[in-house]
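Here is the structure we will look at, set down as structure tokens.
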């Protein structure tokens, strides 16, 4: 009986304007998919950009967490990421991600050796300042600020290709809202960064060594409590003279297998990466959370 009532409340929240608070949902935690997935850098949100949501299923009276594994197969590169994020009382999030970019044949062409791998650690923190993605006034979004410390594990190599530093900080602010009457999610993120290819190729370079303001956005349509499709766009700095960097975009579909497991499939276009243009391919992520 309790499970049936809980499911009924979730369905009502997605089909009518919400007038309850997150606490009213009860012990079931957040509604499915409303904590987002893990970004490539570990924060909760979309695949490419963070949202103003906190990791895990815990509401404001609980602690939640999520962990993910991400695989991307591009035309000439392979990308892997593993991440974990913990959310405290739906207010504060801390995250960590290890990223690996396998250069395949490109490494040999660059003199690094075939299958040379760029590795990076990303440590993140996020604070939700105001609002809620679902509840409260319809046009008042959740608003959050975050920071990411990025450290390349290939310092000598990234400096050799022109980076000014092998570590750096990103700062961002996000606003996110799920408009229940249209089943539509919108997110806008503004990021200050000088990271080259997310930091995998270091920070700054001969094209600039200062933080630049970049814009990121997400739009998603929720077909049901368990299934959502959407698209993202992320502008990028272009600091390395030898390696042009393009904006990124993707189209994704996420499905909640159950309350604790989410699978995401995306088509991503990353443009030129480390001197090689046309880097497009498929991304898959499996995420567990509680």
Quiz item: Taking only Cα atoms, what is the 0 to 90° angle, nearest 10, from helix 2-15's long axis to the longest principal axis of the chain?
Solution: 70 degrees
Quiz item: In the Gaussian network model of the chain, springs joining C-alpha atoms below 10 Å, which of 187, 114, 57 carries the largest mean-square fluctuation?
Solution: 114
Quiz item: Calculated FRET efficiency, residue 247 and residue 91, Cβ-Cβ r, R0 30 Å, to nearest 0.05?
Solution: 0.40
Self-check item: 15 Å cut-off, amide nitrogen to a point 7 angstrom out along residue 169 Cα→Cβ, residues in the range 197-211
Solution: 210-211
Quiz item: Separation between the residue 80 and residue 190 pseudo-spin-labels, each 7 Å from Cα along Cα→Cβ, expressed in nm?
Solution: 3.8 nm
Self-check item: Extension reserve of the residue 73-residue 265 stretch, reckoned as 0.36 nm per residue once the Cα distance is removed
Solution: 67.9 nm
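What does the extension gain come out to for residue 286 and residue 183, with contour length at 0.36 nm per residue minus their alpha carbon separation? Present the calculation step by step, with values, prior to reporting the outcome.
Values: separation 103, 0.36 × 103 = 37.08 nm, distance 2.35 nm.
In short, 34.7 nm is gained.
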Quiz item: If you take the square roots of the eigenvalues of the alpha-carbon gyration tensor of the range 202-287 and sort them as a ≥ b ≥ c, do you get rounded (a/c under 1.5), prolate (a/b over b/c) or oblate?
Solution: prolate
Quiz prompt | Simple label model, 7 Å out from Cα along Cβ direction - residue 221 to residue 206, nm | solution = 4.7 nm
Quiz item: Mind checking which of 220, 62, 175 has the largest fluctuation in a GNM of the chain, springs on alpha carbons under 10 Å?
Solution: 62
Self-check item: Structure-based [θ]222 nm, the chain - -39500 (n - 2.57) summed over DSSP H runs of at least 4, per residue, nearest 500
Solution: -2500 deg cm²/dmol
Practice problem: Would you mind computing, in nm to one decimal, how far apart the modelled labels at residue 62 and residue 125 are, each placed 7 Å from Cα along Cα→Cβ? | Solution: 2.6 nm
Exercise. Evaluate the relative contact order of the range 239-287 (contact order divided by residue number), counting alpha-carbon pairs under 8 angstrom at least 6 apart; express in whole percent.
Key: 35 percent
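Read-outs throughout are calculated quantities, based only on the coordinates presented, and are distinct from any laboratory measurement. From a predicted model like this one, the values you see are computed outputs, not experimental measurements. Every residue, glycine among them, receives a Cβ derived from its backbone with ideal geometry; neighbour counts consider all protein chains shown.
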